[in-house]
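The next block holds one structure in the form of structure tokens; read it before the comments.
The values are calculated or read from the model by the stated rules, or taken from the named source; none is laboratory data. Note that the structure is a prediction, hence the values are computed from the model and not measured. For neighbour counting, all protein chains shown are included, and Cβ atoms are generated from backbone atoms with ideal geometry for every residue, glycine included. Each accessible area value is taken on the protein alone, full model and side chains, heavy atoms only, with ligands, DNA and RNA left out. Shrake-Rupley method; radii C 1.70, N 1.55, O 1.52, S 1.80 Å.
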Amino acid sequence: MILNIIADFFKNLGQARVDNVMNSANAKKMGAITKAKAGAAKQFNKVVDAPGKAAKEALAKRGGDQKAEQKQEKKDGGDMGWFGRKKPDPQYNEPQSGFAESEKTVAIDLNAINRGTFKPCVGWVVVLNGELRGRDFRLVDGKNTMGTAADCDVVLTDPYLSSKHSVIRFENGTFTLVDLDSTNGTFLNERRMTKDDLIDNDKIRLGRTELKFKSLE
């Protein structure tokens, strides 16, 4: 009987230790599960709340920018509002009469301007061949330079021409063709010349470009 009692004691002692171990294991297991659930819930809330948080931050930033702009406007010249008015520029003094000097009426003599700049056409030359065939050039009183230079009065594209090849002068009712020491010479009615008078329908050749002269005089 004593042996039975001793055996029951050790049996109960062993069962108690087993129960303690099991309880401890269960407690750790439940703790791990709880911790995992808490972490998952935290991550879920973070994902769900992210758009709302971003929207709040954007709204707050926009409000801050608007405040900064309003502050800058006040610093520059004050809040204009509907009926506000900027401070006048100290460098500008409004005339007492209410009209700026630039608003005064000024009489302009257009006839005088035209007389100083306009030159009437006294004749023209027409290109008879090449890529400019059919192109006509006005001749005016005084000098009319012909050549390949951009500042000539008659600008031609013939590679056999000099930059300032020749000139047609109209003085005292007379047209005169003058060669300007060109490389390939100036021809009037197929005759090489240095200086000669022009009459209506004369044919001029500069390099390989042929022109017909017409006079209005």
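Below is a table of values for the structure above.
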quantity	calculated
Net dipole in debye of the stretch 115-217 [+1 Lys, Arg Cβ; -1 Asp, Glu Cβ; about Cα centre; nearest 20]	120 debye
Nearest-10 value in Å² for the accessible area of residue 169, using the 1.4 Å probe	70 Å²
